[in-house]
Amino acid sequence: MPNDEDIIPATKPESFWRDHRFLLLIIVTVIISIGLVSVSLFIYNVSGSAQLDLSRPGFQSVSSKVERNKQTQEFSTTGTVTTETIDDFVKQYDEQASRAKAVDAFNGDPLNPDALEFTDISANP
Amino acid sequence: MKQFSRLCILIAAAIVMVAAVPVHAQSSTLNDDQRDRITANCLTIKNTLSQLRASDALLRVNRGQVYEAMKTRIMDRFNARLSNNGLDSRGLSSLAKTYDDRLTIFRTHYDEYARQLDSAIRIDCARDPDGFHLAIANARSKRTVIHEDVKRLHVLIDDYRSSVIDFKTNFQRVSQD
């Protein structure tokens with residue numbers, strides 16, 4: 001038979017969270033979400049994906065100009081190797097190589113200070 | 001011992017002074033007129049930089065796809081076909097590896113350049129024309145490095161083709177024997 005001293009009422013903080021379990025769930029969920037989004041954004045920035053993301057503000061003008069349809073035909077890894085096979089490969093290789101070398105990318109000097117910074121724009125109509 | 005300590009301090013001070021000179025020289029390359037021009041044209045320069053950033057990003061994406069396809073869809077698959085037929089493709093595989101390494105360097109250099117350009121755009125050129133000028137100068141040198149990477153990739157593409165022709169010559173010779 002328990003006496004009166006054995007019956008201890010629940011402490012107040014415990015009863016508070018027990019009564020507000022849904023609120024606790026929401027808070028924990030929000031904290032976890034913020035943590036995961038932070039990690040994702042960190043990876044997005046550190047991996048260099050951000051530099052290639054043309055859906056960012058300021059890049060929409062060029063995002064439609066991404067070459068999506070020019071799929072390169074894969075060279076088959078199966079089959080025998082004959083002189084004709086090598087000739088076919090060279091033909092395919094030349095097509096792709098001409099595409100790769102068609103543009104002398106990042107040439108020119110658009111960041112030349114004489115042209116970019118020190119040109120008197122007000123003097124040019 | 002005391003004299004040795006003094007000598008060490010003097011040497012350290014001399015090193016610091018020598019190291020500081022280029023930085024000072026670099027940051028003070030602008031004269032007042034140039035500073036005024038940057039301040040006056042600040043918004044226009046930033047707009048130009050933003051346009052360049054967008055067009056270079058597009059160039060990076062499109063060129064990157066083509067260079068990547070060259071490796072994964074052409075070179076690697078041809079090397080695999082040779083290996084599957086028990087033919088020696090070590091020379092071609094080595095060239096493909098070199099090409100892949102160079103492609104990785106190209107990606108890294110572009111990333112560094114884009115970050116540098118971003119940081120230049122973020123600088124308030126009206127308040128800090130010297131810092132802005134320095135940031136653009138750094139971006140400029142990084143862009144030059146990317147162009148060098150592109151040229152090396154093109155050379156490697158030619159080298160691989162030459163190696164395939166050499167392989168074909170050897171293959172024909174061995175087939176005839």
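The values are calculated or read from the model by the stated rules, or taken from the named source; none is laboratory data. In this text the structure is predicted, and so the values were computed from the model without any measurement. As a convention, Cβ positions derive from the backbone with ideal geometry for all residues, glycine included, and neighbour counts pool all protein chains shown. Heavy atoms of the whole protein, side chains included, go into the accessibility calculation; ligands, DNA and RNA do not. Shrake-Rupley method; radii C 1.70, N 1.55, O 1.52, S 1.80 Å.
Checking every one of the trypsin sites (Lys or Arg not before Pro) in segment B:96-177 against DSSP loop status and a limit of 16 other Cβ atoms within 10 Å picks out B:R127. Thinking of segment B:52-168 as a set of Cα atoms, what percent of all their pairs are more than 20 Å apart? Within segment B:52-168, distances greater than 20 Å cover 51 percent of Cα pairs. Figure legend: label point modelled 7 angstrom from the Cα of A:V90 along Cα→Cβ; residues of segment B:87-121 with amide N under 17 Å from it are B:92. Shielding by partners for peptide A:38-49, expressed as the average number of C-beta atoms from other protein chains within 10 Å of each residue's C-beta, is 1. Look at the stretch A:87-98: the mean tally of other chain Cβ atoms within 10 Å of its residues' Cβ atoms is 4. Remark on segment A:21-125: ratio of C-alpha radius of gyration to 2.2 N^0.38 Å is 1.95. Judged by the mean number of other Cβ atoms found within 10 Å, the most tightly packed of the peptides A:21-30, B:40-49 leads the ranking B:40-49, A:21-30. Total buried accessible area between B and A, probe 1.4 Å, nearest 100: 5600 Å². A 1.4 Å probe over all protein chains sorts A:D87, B:D111 by accessible area into A:D87, B:D111, starting with the largest. In plain terms, the chain from B:V145 to B:R173 could stretch by 5.9 nm, reckoned as 0.36 nm per residue minus the Cα-Cα distance. With protein chains left intact and a 1.4 Å probe, residues in segment A:19-125 average 66 Å² of accessible area per residue.
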